[in-house]
Amino acid sequence: SRRLRGGACTALQKINMHMNHDDGHGHSTLSSPHNKAWRRILWIALIVNAAMFFVEVGAGFSASSSSLLADALDFFGDAVNYGISLGVVGMAFAWQTRAAFFKGFTLAFFGVAILANTAWNAYIGTVPEAPTMGVIGFLALLANVGVALLLYRYRNGDANMRSVWICTRNDAVGNMAVLLAAVGVFGTATGYPDFIVA
């Protein structure tokens, strides 16, 4: 039975090598960790998210918007996560899984920070600037949808690729919520829509 198990493992390794095969002509499979297009897209996503972090931090403080600050921290977390993803490309599955877990941990940490900020703004009755929220929220939506379209073909890859795709897709949904918050703030002249979305 040990020989059979050894033969099965060898067969699985050969299948895995075939699936991730790059014959040197630059057309490795989509799930291959050495796919140059995948790495290039990660770099683009990292730059876009880092830029949007600075844009939204400035706009969030300027407009006193908790939801924009929440989205800014999300962009920062994603930029860090894309950097981590680039670092674990080609590493063993266990390291890729650890990276995906760390991404979830960072999002939880940022969530606690945003809850504290939002609670403070609700306590002092802050009313954010709806026009700024709308313009920056729409810009953020365009950024995330653009990155999501680039990542779409890799959504069924390894754990690392799937986690990057899921984060980006969810961020686009979050951007739409910020836009709804802007409409709510404009219509009610209160900060509660902003607090709820944050």
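In this label model, Val145 and Phe110 are separated by 2.1 nm, measuring between points 7 Å along each Cα→Cβ vector.
Sorted by accessible area (1.4 Å probe), largest first, how do Val127, Val57, Val112 line up? Walk me through the numbers on the way to the answer.
Details: Val127 80, Val57 40, Val112 100 Å².
Descending accessible area places them as Val112, Val127, Val57.
Label sites at Val183 and Arg162, each approximated as a point 7 angstrom past Cα along Cα to Cβ, lie 3.4 nm apart. Accessible area per residue (1.4 Å probe, heavy atoms of protein chains only) ranks Arg169, Arg98 as Arg98, Arg169, with the largest value leading. The slack in the chain from Ala94 to Ile196, taken as 0.36 nm per residue of separation less the alpha-carbon distance, amounts to 33.0 nm. Our coupling estimate for the range 169-175, obtained by passing each phi through the Karplus curve with A = 6.51, B = -1.76, C = 1.60 and θ = phi - 60°, is 4, 5, 5, 4, 5, x, 4 Hz, Gly and Pro reported as x. Would you calculate the separation in nanometres between label points at Arg153 and Val127, each defined as 7 Å from the Cα along the Cα-to-beta-carbon direction? Going from the Arg153 label point to the Val127 one covers 5.0 nm. Using a probe of 1.4 Å, the accessible surface attributed to Trp38 totals some 0 Å² when neighbouring protein chains are kept in position.
The values are calculated or read from the model by the stated rules, or taken from the named source; none is laboratory data. Quick caveat, the model's predicted, so the values are computed rather than measured. Note: ideal-geometry Cβ built from the backbone for every residue, glycine included; neighbour counts use all protein chains shown. Please note that ligands, DNA and RNA were not included when accessible areas were found on the heavy atoms of the full protein model with its side chains. Shrake-Rupley method; radii C 1.70, N 1.55, O 1.52, S 1.80 Å.
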